[in-house]
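Heads up, the thing below is written out as structure tokens.
The values are calculated or read from the model by the stated rules, or taken from the named source; none is laboratory data. These numbers come from a predicted model, not from an experiment. Cβ coordinates were reconstructed from backbone atoms using ideal geometry, including for glycine residues, and neighbour counts include every protein chain displayed. These accessible areas exclude ligands, DNA and RNA; they are computed on the full protein's heavy atoms, side chains included. Shrake-Rupley method; radii C 1.70, N 1.55, O 1.52, S 1.80 Å.
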Amino acid sequence: MKNGTCWLDTDSNQIQAHGGCILNYKDVYYWYGENKDTDTMEDGFAPFMGMSCYSSADLLNWKNEGIVLKPILTGNHELGSDGIGERPKVIYNKKNNEFVMLFHLDNKSYRYARIGTAVAKTPTGPFEYRGNLWLDSECSPCGRDSRDMYVYQEEDGTAYIIASSDFNSSTVICKLDDSYTGLTGEMKTIFVEQYREAQVLIKEKGRYYMFSSGCTGWLPNSMLYGISRQVMGTWRLVDNPCSGANYRQTFFGQSANAFQLKEQWYLMLDHWKPEDLRSSGYSFLPIRIDAEYVEIPWTEEFNGERGNHGL
Ligand code: GAL
């Protein structure tokens, strides 16, 4: 698959899984993301079409499993087509055999700033909408905002939301409860006044790495990575890990998720096309990690297991 371009599914249609994530469950990869298969309006808004799912055994051939979380078109619902549903992340809950989808839920002006929750019994859905969460409902006057968000799950099942908050000026890490559809109230604010979004968190050899973009909407900017010894620990922003042509603009992409193929980590990027969001492309780029040093080199292609992983 040629990085930076639109990719096709096994029916030769453009893959609609923007701002997405990949879940590996029982040797099948599931790619969830925003379905933007509609006309983008002049102000860069694409009506909410729901969240798609694609399945694959090799990360190269993707079968369309359809729209697994549909917009709710009755009664001026917050999940209606006038709303925003972005960056869906799906994790599996071993305790009750449920698949939980969490995503950035908003209204057209990005002032609602909450987290949508949905639950399914199978990875291909259908996901049932379970309502919204504020990051901190105790916080006056109306809860704490969250916009771009990510979900990180530890091996022991503990899961966290990582979100841009305080009008994108800081990043907040919040522990989810056992159901993954509620919060425990434990939270930590990091990267204060750093204006980061599009966060992605991974763990490698006892260290946590967080990738993020700056805040320029659909337009590309420089990625930064941060490092910590604990999820809710002391985080330090380090530098731009990208290398190669256009590294300052993250190769004209923005981080969405990371996944592991064998031992190798890959970062998923969206290459947004603000005037026609449905045609936004993707990249899966290898992440080289050597203790505190991280490099994300531009590679022309993602070849799944056949690739040399750019190394
Ligand atoms: C970006 C964000 C996207 C989308 C976009 C809208 O900064 O990462 O997910 O919200 O802004 O302009």
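Here are some notes:
- Hey, A159 in contact with a strand residue (DSSP E or B) (Cβ under 6 Å, 6 or more places away or on another chain), of a type in the set (A, V, I, L, M), open to solvent by less than 40 Å² (accessible area, probe 1.4 Å) and over 30 Å from E275 (Cα atoms) or not: yes
- For the range 194-214, filtering for residues that are surrounded by fewer than 18 Cβ atoms within 10 Å (Cβ to Cβ) and outside any loop (DSSP other than H, G, I, E, B) leaves 3.
- Filtered residues of the range 154-180 (kept if hydrophobic (A, V, I, L, M, F, W, C) and either away from the ligand (no atom under 16 Å from the Cβ) or on the phi < 0 side of the Ramachandran plot (or both)): A159, I161, I162, A163, V172, I173, C174, L176
- Among the conditions (1) closer than 24 Å to Y195 by Cα; (2) more than 16 Å from the ligand (Cβ to nearest atom), the only one that E305 does not satisfy is (1).
- Out of K89, K95, one residue alone is over 30 Å from D43 (Cα atoms) and basic (K, R). It is K95.
- G217 vs. criteria within 16 Å of the ligand (Cβ to nearest atom), modelled with pLDDT of 95 or more and exposed (fewer than 15 other Cβ atoms within 10 Å of the Cβ): yes
- A single member of T250, T234 is among the β-branched types (V, I, T) and within 16 Å of the ligand (Cβ to nearest atom), and it is T250.
Yes/no matrix, rows are residues, columns are (1) within 16 Å of the ligand (Cβ to nearest atom); (2) among the hydroxyl-bearing types (S, T, Y); (3) at positive phi:
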position: Q16; (1), (2), (3): yes, no, no
position: Y54; (1), (2), (3): no, yes, no
position: N64; (1), (2), (3): no, no, no
position: V68; (1), (2), (3): no, no, no
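- Each residue in the range 263-283 was checked for being away from the ligand (no atom under 15 Å from the Cβ), of a type in the set (S, T, N, Q) and open to solvent by less than 10 Å² (accessible area, probe 1.4 Å), and 1 of them qualify.
- Taking the criterion of being among the basic types (K, R) and closer than 19 Å to V90 by Cβ, the residues of the range 1-53 that qualify are K26, K36.
- Single residue of the range 181-193 satisfying the filter (within 26 Å of Y225 (Cα to Cα) and in a loop (DSSP other than H, G, I, E, B)) that is farthest from the ligand (Cβ to nearest atom): V192
- Residue match in the range 127-144 (condition: at pLDDT 95 or above and under 19 Å from V238 (Cβ atoms)): no
- Some residue of the range 286-298 being of a type outside the set (D, E), at positive phi and within 15 Å of the ligand (Cβ to nearest atom): no
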